Number of protein chains: 2
Amino acid sequence: MMYVISYDITNDKRRRKLTKYLESYGVRVQYSVFETELSREQLSILIRELKKRIDEKEDTIRIYPISKDARKSITTLGKDKGSYYKDDFLII
Amino acid sequence: MMYVISYDITNDKRRRKLTKYLESYGVRVQYSVFETELSREQLSILIRELKKRIDEKEDTIRIYPISKDARKSITTLGKDKGSYYKDDFLII
């Protein structure tokens, strides 16, 4: 399943670390948005790991599941920074 | 249908204006992410209006449709800045 992960991390160091971590899971399409392709097991592990990496009082992460049908209707306006589906990207 | 709108706008003034515009369509759940509930007609109008408000070479906006089923599985970690479904929010 495709998941869109967006985050607001107030602290620069924490945000850099989280961004680096998410790079192993998907493609950064915007400054604070990743597109990933995950199994349920991968999603559970990711959620557990993300929880360790944020300050629950300061930061926020949202994970949106995108269904197969919905995926076909994603709209991009302006510059396209690339997407999982255009790159040869390896999910680890 | 629910749509998640995320944006990277390089210019501060342009970003402020766009954020203000999007506030009439939904709820800002992160610094550059809105959650909206739109009909197809509203979506078409919104896309047309957003195109006028961005620099197509500099900025990027992504609009993700979220199906009814997917909506139930949205995950929030950390601070919850509020969501359309919790607020009494009027779609204009």
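For B:TYR64, work out the one condition from (1) closer than 30 Å to A:ARG53 by Cβ; (2) open to solvent by 10 Å² or more (accessible area, probe 1.4 Å); (3) modelled with pLDDT of 95 or more it doesn't fulfil.
So B:TYR64 meets the others, but not (2).
Within segment B:45-55, how many residues turn out to be out of contact with any Phe, Trp or Tyr (no Cβ under 7 Å at 6 or more places or on another chain) and open to solvent by less than 10 Å² (accessible area, probe 1.4 Å)?
Residues flagged as out of contact with any Phe, Trp or Tyr (no Cβ under 7 Å at 6 or more places or on another chain) and open to solvent by less than 10 Å² (accessible area, probe 1.4 Å) within segment B:45-55 amount to 1.
For segment A:5-44, what are the residues that are within 13 Å of chain B (Cβ to nearest Cβ) and surrounded by fewer than 14 Cβ atoms within 10 Å (Cβ to Cβ)?
A:ASN11, A:ARG40, A:SER44, listed by residue number.
Yes or no, residue by residue, for (1) at pLDDT 95 or above; (2) over 21 Å from B:SER67 (Cα atoms):
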position: A:LEU22; (1), (2): yes, yes
position: A:GLN30; (1), (2): no, yes
position: A:VAL33; (1), (2): yes, no
position: A:GLU41; (1), (2): yes, yes
position: A:ARG48; (1), (2): yes, yes
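The values are calculated or read from the model by the stated rules, or taken from the named source; none is laboratory data. These figures come from a predicted structure and were not determined experimentally. Reconstructed Cβ throughout: ideal geometry from the backbone, glycine too, with neighbour counts over all protein chains shown. Accessible surface areas use protein heavy atoms only, side chains included; no ligands, DNA or RNA. Shrake-Rupley method; radii C 1.70, N 1.55, O 1.52, S 1.80 Å.
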